[in-house]
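Report on one structure; see the data block that follows.
Please treat every number below as a calculation from the coordinates, not as lab data. Here the structure is a predicted model, which is why all the values come from computation and not from measurement. Every residue, glycine among them, receives a Cβ derived from its backbone with ideal geometry; neighbour counts consider all protein chains shown.
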Amino acid sequence: MNSDLLHVEDIEQRKARMLKQERECWSDGVMEVAGIDEAGRGPLAGPVVAAAVIFEPEFFIPEVNDSKVLSAEEREVLYEQIIGSAKALGVGVVHRGVIDSINILQATYRAMHEAILQLSITPSLLLIDGNRFQDIGIPFKTIVDGDALSFSIAAASIIAKVTRDRMMVEYDKQFPGYGFAKHKGYGTKEHREAIQRLGLCEIHRRSFAVKRQMKLDLSE
């Protein structure tokens, strides 16, 4: 088979797989389908960020994938393509203080709700990455590993990840010495050692994640 034709076939196969969830909705007459995902549930510092994205039916960018399997450079390129192509897009950000006061799960729901409310179009259905969601009065479907199975969710994962990473780079300038631009607030050995040396800064979460990490042996 001609290599160009094979490439086209591969793209069509990927499109069929990544748009399967959306196509099921569209075939039922549910057209405004929003993919929802978050970034930043696990870090010791910084906000949790969620994104909601709606595309025109059958729109597809073959390179869009779960943000975790893409390089930072690939995510930045795709971020701009998604921003320029989405029919509607919303982003929700919940900061450290709220995370500590209501817990990370509730903070994640709040970020998702904010992202949905930022959409310029009211979605008919929400496709949510994961297995749980707090109802916001819009029909929804949760999908485990949705960022690898739904184009809309994968696009949302990229928007959320790039938005949060850019914030952490700015925090690195505001709070030097912790390495936020490198590890983005996650509990790496370097980050934990910086906390031991410098103490907690304003964006560190004072909840169980920091407490748990500080119990680890930093001399490992």
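Below is a table of values for the structure above.
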| read-out | value |
| --- | --- |
| Percent of beta bridges antiparallel (DSSP, the chain, rounded to nearest 5) | 65 |
| Correct choice for mean projected area of the Cα convex hull in nm² that was computed from the model, options (1) 12.3; (2) 13.9; (3) 18.6 | (2) |
| Top positive-direction residue, dipole computed over the chain with Cβ charges, set 125, 198, 152 | 198 |
| Local electrostatic count at residue 112 - Lys and Arg +1, Asp and Glu -1, tallied over other residues with Cβ under 10 Å | -3 |
| Loop-resident sites, the range 6-64, for trypsin sites (Lys or Arg not before Pro), counting at most 16 other Cβ within 10 Å (DSSP) | 41 |
| Computed [θ] at 222 nm, helices only, for the chain once each DSSP H run of length n ≥ 4 contributes -39500 (n - 2.57) | -14500 deg cm²/dmol |
| Extension gain (nm, one decimal) between residue 11 and residue 188, 0.36 nm per residue minus Cα-Cα | 60.1 nm |
| Spin-label model distance (nm) - residue 138 vs residue 105, 7 Å beyond Cα toward Cβ | 2.3 |
| Ascending count of other beta-carbon atoms within 10 Å, so fewest first, for 58, 38 | 58, 38 |
| For the range 23-131, share of DSSP beta bridges that run antiparallel, in % to the nearest 5 | 75 |
| Under 13 Å from residue 182, Cα to Cα: aspartates and glutamates that are on another chain or at least 8 residues apart | 165, 170, 172, 190 |
